[in-house]
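Visitor: First the structure, then my questions, so here it is.
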Amino acid sequence: MGLPEYNPEEVEKKWQERWEREKTFSSSVDNRKKYYILEMFPYTSGSIHIGHVRNYTIGDVVAHFKRMKGYNVLHPIGFDAFGLPAENAAIEKGVHPKKWTYANIDNLRRQLKRLGFSYDWEREVITCDRNYYRWNQWFFIKFYEKGLVYQKKAPANWCPACSTVLANEQVIEGKCYRCETPIIQKNLNQWFLKITEYADELLEEIEKMDWPSTVKKMQVNWIGKSKGMQIDFEIAESGEKISVYTTRPDTIFGATYLVLSPFHPLSEKLAEKDPLLKSEIELMRKEQLIKGEVEKRGVFAGIWAVNPVNREKIPVWIANYVLMEYGTGAIMAVPAHDTRDFEFALKYNLPIRVVVLPPGEKNPDVVLKEAYTGEGIMVNSGQFNGMPSEKAREKMSQWMVYQKIGIPKVHYKLRDWCISRQRYWGTPIPVIYCERCGVVTVPEKDLPVELPFDVEITGKGGSPLAKVESFVECTCPECGGRARRETDTMDTFVDSSWYFLRYTGKGKDDLPFDREEASYWMPVDQYIGGIEHAILHLLYSRFFTKALRDIGLLDIGEPFTRLLTQGMVIKDGAKMSKSKGNVVDPEMIIKEYGADTLRGFILFAAPPEVDLEWKQEGLEGVNRFLKRVWRLILENGAKWKEKLEEIYKEREDDKDNENELKVMVNKTIEKVTQDIEQRFRFNTALASLMEFVNYLYAYPDKRSSVFKESLQVLILLLYPFTPHIAQELADRMGCKKELFSCEWPTFKRSLLRSDKITLVVQVNGRLRDRLTIFSNQKKEDIEKEVLKRDKVKRYTQGKKIKKIIHVPGKLINIVVE
RNA sequence: GCCGGAGUGGCGGAAUUGGCAGACGCAGUGGACUUAAAAUCCACUGGGCUAUUUGCCCGUGCCGGUUCGAGUCCGGCCUCCGGCACCA
C-alpha cells in the first residue's frame, strides 16, 4: 500500500523535541483573557506513576482546549521537594537528601516531557531551592510581625518512628499519615500558624466555591463550627467558678453532675491535695493520650457544684472522656440527653433526669433505655415546662445572659497549624534564641537561613540540625551576643501552600512573586488533584492566600476557583502500590504503545472523578483507534484548509448523505466541546470521536469536500487528548501552524439535527413503533399518521384514546384506557 | 455513631432537563483476507419465550409511591466505598 505506518515513538519524539526547543507552551501576560490551569505538583520520590499521568493528562486536555478557544493559558509545573522520604533514602541508602532529590527531579522532568504535556517549563518551581524556601522564611517573619505566628509549649502528636511532631491533619485514625505508627503525645515548644483566626472566613467562603461538594463538606466538618453557651457553675464550698460549654443550654435542668477533663487546672489542683486522686487522674491522662475510643472511666472529685438555674447541688467528677482542648475542658453532664453522659451515668449509677420529652411520650419521669438527643417538649425545667426544646434553647439562653449566668460562645474543632518539624530536609525556621533578647526573628537581609549540606542523618535522637554546631551557634542580630538557632524545620505543607503564586512570575528573586503578574493570573481557574488533599493542602493554601492578602501582598482571598478531584487508579481491586506489587510503570506503556495511547486510555476508561480500574486490554482498544485515525487521514489525503466552511453550508439540494455527514460533524463538535468545557467528561468525548471515526470509515463519498473538511475537524478535536498524532497528521496534511494556535471548531445550531427524524411511538408508555418524519412536518399530521400505523392500531383497536403526549422531535405516547 | 458518595450486561462505562436502557470500548462468537499467524475488515453479542422474519415478556441493589412514561423524582430498606470520630 505504501502508506507510512503509525510509529508513535518517532512521531512523539519529533514533536516533543520541537516543543522543548521552541518553548512552544511558554506564556506571558498579554491582553487576552487569561486561564490558569494547575495540577498538583508531584512529590519528588521515585518516578511518575499512573496516578500522576491521570492527573496531568486531564489538565493537559483542558490547557490545550482553552488555548484553542483563544485564552492566554498558564500551565506550569514544579516539584514538591522537601520532606521525609529524602531523609529515609539517606538513612537506607546513604545518599544525601539533596542529591537524591535532584536526581529524582531530573528523572521526573524527563518522564513528564516524554508524556508530551504542554507545560511552560520556564516557570518551574523546586521547593528545596534556596530561592524558593527563603520566601517561606520571609513569610514566617511577616506573619510573625502580623501576629499570625506564635510559639507555645503544647502536647504534640509525636510519631516515634519518624521522631517528629505531626499536625492534627496528619494523624489518621491515631496513626502517622506516612508510616502508620501509632501516635503518642509529647510536650514540646513549637511554632504555630494561627489558622483559627480565619476559621469563619474559611467556612463562609467554601460555600461559594465551585468545588466538589464532598470536599466542601469535609472542610466544613473539619473546621467544625458549633454555637452554644458558656455557663458558669459555682463550687459549693468555695464559690469558685467552673465554666462549661454546651450546645444544648435547654437541657441544663437535666444536668445531674459535672465533669472535668483530667487535664483541667482544677483537676491538677485537687490532685495535689490527694495522692490517691492524683494517681487516678494520671492514669486517665495516659488513656486520653491514646488516640481512639477508650472505655469511659472517672472518679468523684470530692467536691460539689451548684446548678445556677435551680441551685441544685451536683457532684463534680473527673473523667477520661472530657477533652481539655475543646470548649472549657469541663462539661455539664445531662445523661438523659447525651449518649456519652448516659453511658457514664449508668456505669457509676448517677441520676438520669429527663427534661426533653420525646414526641409521643407522656410520662415526664419516663425511664429511658438510651439517651434521647432529639427535640421535644420541656419537662422538669421550672418556668420552661411545656415549651418546645428549640424555642427553650433560645429563651433559656436569653434568660441566662440576663441572669449573668452564661454567655453565647462559638467553638471550632479546627486547631492552629503546628509547623515545627524535628527534621533535616525542610525549610529552617528563621528564629534565633538569644540569652539576653529572647526570641528574635532573623532579619530580612540575612535570608535565607540556608540549610547546611554537611549533616549526619541517622533517623534517631531528634533533629539532625541540632547536631550541626556551625549552624546552631550564631550571634544575636539585635545585641550581637552569643545565641542559638532554632533547629526545627517547617512542615512541607508550607511549601505547597503558595507554590501556585510563585508560578505566576518567571524566577524574579527580589520578591516571592510579582504582584502585577499574580493579579493577572490569579486565582487559579481550574485546579486538579487527588481527593486525599481535600483537607490538608487545600485548607492550608486557602489560609495562606488569605494571610498573604492581609499582609498586603495579594488582592484575592481564595486561590482556586474551580476544583476537580480525580479518582485513584486501581489494579486488581487495590490502589497501586509497591508493597502490593500491582504497579504499572507508565514508561513501559509508553515504550510499547506511545504516550498518546496511554493518555487516551486513561481518559477513556472512566470519568475523571471516579476510580479507574487498570485494564491492559483497554489500552489496546485506544491504540487501535489511533491507528484507525492514522489510516483514515493518510488514505484520504486531504489538504489542510485555513478556514472550514463546507461543513457549515446549508443547501436545499444536498444529497441525504451529505446532509447527514454535516449533522454528524456538527453534533460531534458540540458533544466534544460540551464534554470538555462543562462536564469534564473526557471518556464520552472520546467515545463520540470514536463514533465519528466509525462513521467516516463507512462514509461512501470520500472525495467530497465536506468529507475532507470532516477529517480536519477530527484532527482538531483530537488534539487536546492525543496531541502528538494529531499534530503529525495535521502536518502531513500541509498545516503550517501548530494546532494549539488553531481555532477550536464551532458548530452550527441549525445543523445539529437532520431533516429526517426518527420518532419513537409508544402506547401506554411502551415502545410499539418507530416512525421517520420530516422535521418540518406539522404536529397534527404526524399524529394522524401515527394513529394509522398497523403496529399502533393493534393496541388501540376498540379502545378509547384518552390523550396523546407529543414531545416534538422525540416521541409520541398514545394513552388508551 | 455522624457526615458524604455509589450500586446499570461477562468487564470499564453511556443515557446531560423524567422520554428508544446498555452509546463507545474490552472480552467473546462467526466470517473475509492469508500456506499459516499477526494485523486489518465485516457481522452478531442483557436474559427468557417464540424460531422465517415479524413479535412478546422480563430487566438499572431491594420494597413501595408519584407520573401517560422512572436508571433518573419521592418514602422506606440493603450492600459497598470514602471522611470524621468521646468536639459536649
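Visitor: Does the range A:1-117 come out rounded, prolate or oblate, given a ≥ b ≥ c as the square roots of the eigenvalues of its C-alpha gyration tensor, rounded meaning a/c under 1.5 and, failing that, prolate meaning a/b above b/c?
Guide: Here the range A:1-117 falls in the oblate category.
Visitor: Tell me the accessible surface of A:D656 in square angstrom (1.4 angstrom probe, heavy atoms of protein chains only), to the nearest ten.
Guide: The accessible area comes out at roughly 100 Å².
Visitor: Long-range amide H contacts for A:C418: which residues qualify at under 5 Å (H placed 1.01 Å from N, peptide plane, sequence gap of 5 or more or a different chain)?
Guide: A:N168, A:L193
Visitor: Tell me whether chain A comes out rounded, prolate or oblate; compute the Cα gyration tensor, take square roots of the eigenvalues as a ≥ b ≥ c, and use a/c under 1.5 as the rounded threshold.
Guide: oblate
Visitor: Report, to the nearest whole %, how much of the accessible area of the range A:513-647 belongs to carbon and sulfur atoms, 1.4 Å probe, protein only.
Guide: The C+S portion of the solvent-accessible surface of the range A:513-647 is 50 percent.
Visitor: Give me the dipole magnitude in Debye, nearest 20, for chain A about the Cα centre, with unit charges on the beta carbon: positive for Lys and Arg, negative for Asp and Glu.
Guide: My answer is approximately 2280 debye.
Visitor: In whole Hz, what ³J(HN,Hα) sequence does the range A:696-706 give by Karplus (6.51, -1.76, 1.60; θ = phi - 60°), x for Gly and Pro?
Guide: Those phi angles translate into 5, 4, 8, 5, x, 9, 7, 9, 5, 6, 5 Hz.
Visitor: Placing unit charges on C-beta atoms (Lys and Arg positive, Asp and Glu negative, everything else neutral), compute the dipole magnitude of the range A:401-491 about its Cα centre in debye, rounded to 20.
Guide: Dipole magnitude for the range A:401-491 comes out near 680 debye.
Visitor: Still on this structure: Leaving out ligands, DNA and RNA, what percent of the accessible area of the range A:652-740 is carbon and sulfur, probe 1.4 Å?
Guide: Details: 1440 of 3230 Å².
Answer for the range A:652-740 is 45 percent, counting heavy atoms of protein chains only.
Visitor: Right, here's the next one. What figure, in Å² to the nearest 10, do you get for the accessible area of A:K810 with a 1.4 Å probe and non-protein molecules left out?
Guide: For A:K810, the solvent-accessible surface is approximately 140 Å².
Visitor: Accessible area of the range A:213-303 with a 1.4 Å probe: how many percent of it is carbon plus sulfur?
Guide: 54
Visitor: How high is the relative contact order of chain A, given as a whole-number percent (alpha carbon pairs under 8 Å, six or more residues apart)?
Guide: 14
Visitor: How big is the charge dipole of the range A:586-705 about its Cα centre, in debye rounded to the nearest 20, if each Lys and Arg gets +1 on its Cβ and each Asp and Glu gets -1 on its Cβ?
Guide: Dipole size: approximately 380 debye.
Visitor: How much accessible area per residue does the range A:391-524 have, in Å², with a 1.4 Å probe?
Guide: So the range A:391-524 comes to 47 Å² accessible per residue, rounded to a whole number.
Visitor: Excluding residues fewer than 8 places away in the same chain, name every one of the lysines whose C-alpha is closer than 20 Å to that of A:K98.
Guide: A:K460, A:K467
Visitor: Let me ask something else. Pick out, from A:S163, A:Q230, A:I551, the residue whose Cα sits farthest towards the positive end of the charge dipole of chain A, with +1 on the Cβ of Lys and Arg and -1 on the Cβ of Asp and Glu.
Guide: A:Q230
Visitor: Apply the Karplus parameterisation 6.51 cos²θ - 1.76 cosθ + 1.60, with θ equal to phi minus 60°, to every residue of the range A:208-225 and state each ³J(HN,Hα) to the nearest whole Hz, in sequence, with x for glycine and proline.
Guide: 7, 6, 8, 10, x, 4, 5, 5, 4, 4, 4, 5, 4, 5, 5, 5, x, 6
Visitor: Still on this structure, please answer the following. Put +1 on the Cβ of each Lys and Arg and -1 on the Cβ of each Asp and Glu in chain A; which of A:V584, A:M490, A:V95 then has its Cα farthest toward the positive end of the dipole?
Guide: A:V584
Visitor: Still on this model: Could you list which residues have their amide H under 5 Å from that of A:V431, counting only those 5 or more apart in sequence or on another chain, with H placed in the peptide plane?
Guide: A:V442, A:E486
Visitor: Determine ³J(HN,Hα), in whole Hz, for all residues of the range A:785-796 in sequence, where each value follows from phi through the Karplus function 6.51 cos²θ - 1.76 cosθ + 1.60 and θ = phi - 60°; x replaces Gly and Pro.
Guide: Calculated HN-Hα couplings, in order: 4, 4, 5, 7, 5, 4, 5, 7, 4, 3, 9, 9 Hz.
Visitor: Rounded if a/c is under 1.5, else prolate if a/b is larger than b/c, else oblate: which is the range A:180-242, with a ≥ b ≥ c the root eigenvalues of its Cα gyration tensor? Mind dumping the intermediate values first?
Guide: Working: a/c = 2.60, a/b = 1.50, b/c = 1.73.
It is oblate, given that a/c is not under 1.5 and a/b is not larger than b/c.
Visitor: What accessible area per residue comes out for the range A:1-118, rounded to a whole number of Å², with a 1.4 Å probe?
Guide: 39
Visitor: If you count only protein heavy atoms with a 1.4 Å probe, what accessible area per residue comes out for the range A:230-280, rounded to a whole Å²?
Guide: Per-residue accessible area for the range A:230-280 comes out at 41 Å².
Visitor: Checking the cross-link filter: which lysines have an alpha carbon closer than 28 Å to that of A:K369, excluding same-chain neighbours under 8 positions apart?
Guide: A:K296, A:K313, A:K347, A:K391
Visitor: Whose amide H sits under 5 Å from the amide H of A:K34, counting only residues 5 or more places off or on another chain, with H placed in the peptide plane?
Guide: Under 5 Å from the amide H of A:K34: A:N72.
Visitor: Related question: What is the distance in Å between the Cα centres of the range A:311-361 and the range A:692-752?
Guide: Spelled out, the Cα-based centre of one part sits 71 Å from the other.
Visitor: Just the number, please: percent antiparallel of the DSSP beta bridges in chain A, rounded to the nearest 5.
Guide: Beta bridges within chain A, antiparallel portion: roughly 75 percent.
Visitor: While we're looking at this one, here's another question. Could you order the peptides A:787-798, A:475-486, A:261-272 from most to least packed, using the average number of other C-beta atoms within 10 Å per residue? All intermediate terms of the calculation are to be shown ahead of the outcome.
Guide: Values: A:787-798: 12.4, A:475-486: 15.5, A:261-272: 18.4.
Going from most to least packed, we get A:261-272, A:475-486, A:787-798.
The values are calculated or read from the model by the stated rules, or taken from the named source; none is laboratory data. For clarity, every value in this text was computed on a predicted model and none was experimentally measured. Every residue, glycine among them, receives a Cβ derived from its backbone with ideal geometry; neighbour counts consider all protein chains shown. What goes into the accessible areas is simple: the full protein's heavy atoms, side chains included, and nothing from ligands, DNA or RNA. Shrake-Rupley method; radii C 1.70, N 1.55, O 1.52, S 1.80 Å.
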